[in-house]
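Just so you know, all these numbers are worked out from the coordinates, no wet-lab data involved. Bear in mind the structure is a predicted one, so any value in this text is a computation, not a measurement. As a convention, Cβ positions derive from the backbone with ideal geometry for all residues, glycine included, and neighbour counts pool all protein chains shown.
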Amino acid sequence: ETGPRGRSPSIAMASDFAAMLDEMMGPERNIDLDKVTGKRRRFDDEDVDRHFLVGCSPYQLFQGSKKNIGYLDEFARHAGMDPARNSRMVCDEACKAEYEALPQAEKDRLGWERDTFVLLGFLIKRCDDRVRNAREQLESHARRVDEKVAERKVGWQTRIDAKMRASEEAGEAGLVDECQKLIAEAVAIRATSEKDLEQYRKEQSRGVDHQKVCPVSGAIVTKDADPDSDTSGHYAGRNYVGWKKIREWHAAAAARTPGGPPRRPSSPRGPADGRPNRR
């Protein structure tokens, strides 16, 4: 038997009872008791992403990007940190607002802006390496094409030179008609060779001539690509947007203070990691 809306009385009763429990106990009633703390998250909680608080979290920007996350893991290992820890950090807007309300002196004491500046500087160096490698890749391919074209040109030039030598011999022998005929053949071969070499270069290039390296992300894109006519979607993609924000944040921090944000004081009042003491 079902009610007027097609639900049985028992199902409707269970749904109403669940709604009543939600109202009385809150949505956390279904969470394991050891996870229900009843406390509001603070900006200095251990699971809050400090980089997000200061305005640029590469872990958030590069979520799902294996190569970029690899750079972050590399930095963590160099710093003696667990690479997996930061990927589990929480990006909380309320915590960010709480951090932003702190006096600048307290932010400097915490040192999180400096930590972020150092991390982003490391990432930018790795990205610049990627840009350089991508450019070298295109340049290397262009050199190989030039070499192949040059080799093919030698073959054509050999045929042209042979016709010209033959025409000289015919001229010396007084064979005017034969001489002119051989010269005309040499000219025809040269014209054919120019067309052949042009086509051969296009075939060997396979589109590389129409590619360039994005200086922001290191990706190889078409030469006519730009933010205003982004037919490939590169400039709207996570990779470009992430690297652009990282470079802009780092440049702005360096512009505000020569050498970047100040280092954490040598004798902090709080714990060694720069987090404030809890009272």
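Results, tabulated for the structure shown:
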| read-out | value |
| --- | --- |
| Rg(Cα)/(2.2 N^0.38 Å) for region 163-202, N = residue count | 1.47 |
| Solvent-free Debye scattering, log10 I(q)/I(0), computed from the Cα coordinates of region 131-279 at q = 0.12, 0.13 Å⁻¹ | -0.78, -0.83 |
| Kirkwood-Stokes translational diffusion coefficient of region 191-236, alpha-carbon pairs, 10 °C, 1.306 mPa s, µm²/s | 128 µm²/s |
| Residues of type aspartates and glutamates that Lys195 reaches as a straight line, Cα spacing below 15 Å, ignoring anything fewer than 8 places off in the same chain | Glu203 |
| Globularity ratio of region 38-140, using Cα Rg and 2.2 N^0.38 Å | 1.24 |
| Net charge, Ala134 excluded, C-beta distance under 12 Å - Lys, Arg +1, Asp, Glu -1 | 0 |
